[in-house]
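Following: one structure in structure tokens, then a few remarks.
The values are calculated or read from the model by the stated rules, or taken from the named source; none is laboratory data. Keep in mind it's a predicted model, so treat the numbers as computed, not measured. Glycine also receives a Cβ, built like all others from the backbone with ideal geometry; neighbour counts cover every protein chain displayed.
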Amino acid sequence: MLLYHEIRLIDLMLVFCYYIFAMFKAEVKITLKKTVSDPQGLTVKHALEALNFSGIEQVRMGKFITVELKAKDQDKAKDEVQNMCQKLLANPIIEDFSFELKEV
């Protein structure tokens, strides 16, 4: 069983960690590479034309992902989001990604 002063110390450490880390919000945009065909985009293009929308040259589908994270500074947050995209969020063989990072 933890003693009162041990619990208090843990509380203080949590508060300290909360204040030394900033909260960031990343808005990640993932799209197919230009060299990859987009059958879903083509289907949407045809559907829009069937609904009498004109002038549509091309439709490309993608993903939009928001990630909120805590980091010591903007550079650390940027590195984390970059790693997330490279390791999981985007398929580097067929997809490109970009993101905007804001402190919240």
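When the residues of the range 95-104 are filtered to those that are among the hydrophobic types (A, V, I, L, M, F, W, C) and surrounded by 12 or more Cβ atoms within 10 Å (Cβ to Cβ), which remaining residue is nearest to Lys70 (Cα to Cα)?
Quick first cut of the range 95-104, residues among the hydrophobic types (A, V, I, L, M, F, W, C) only: 97, 99, 101, 104.
Going one step further and asking which of them are surrounded by 12 or more Cβ atoms within 10 Å (Cβ to Cβ), we end up with 97, 99, 101.
Values: Phe97: 21, Phe99: 16, Leu101: 12 Å.
Filtering first and then ranking leaves Leu101.
May I ask you to verify whether Val67 is in contact (Cβ under 8 Å) with a residue 12 or more places away in the chain, crowded, with 16+ Cβ neighbours inside 10 Å and in contact with a Phe, Trp or Tyr (Cβ under 8 Å, 6 or more places away or on another chain)? Walk me through it before giving the result.
Numbers: in contact (Cβ under 8 Å) with a residue 12 or more places away in the chain: yes; crowded, with 16+ Cβ neighbours inside 10 Å: yes; in contact with a Phe, Trp or Tyr (Cβ under 8 Å, 6 or more places away or on another chain): no.
Criteria not met by Val67.
Evaluate the following for Lys76: is it surrounded by 10 or more Cβ atoms within 10 Å (Cβ to Cβ) and at pLDDT below 95? Quick ask: steps written out before the conclusion?
Values: surrounded by 10 or more Cβ atoms within 10 Å (Cβ to Cβ): yes; at pLDDT below 95: no.
Answer is no for this residue.
Step by step: first the residues of the range 68-104, then only those that are of a type in the set (Lys, Arg) and not in a helix (DSSP H, G or I), then the one that is nearest to Ile30 (Cα to Cα). Which residue is that?
At the first step, the residues of the range 68-104 found to be of a type in the set (Lys, Arg) are 70, 72, 76, 78, 87, 102.
Subset that is not in a helix (DSSP H, G or I): 70, 72, 102.
Values: Lys70: 22, Lys72: 26, Lys102: 18 Å.
The residue in question is Lys102.
Just checking, does the range 38-53 include any residue being assigned to a strand (DSSP E or B) and modelled with pLDDT of 95 or more? Even if it seems obvious, please write down each step before you answer.
Initially, the range 38-53 is screened for residues assigned to a strand (DSSP E or B), giving none.
Taking every residue of the range 38-53 in turn, none turns out to be assigned to a strand (DSSP E or B) and modelled with pLDDT of 95 or more.
Out of all the residues in the range 62-86, which are under 12 Å from the mean Cα position of the chain (by Cα) and basic (Lys, Arg)?
Correct list: Lys63, Lys78.
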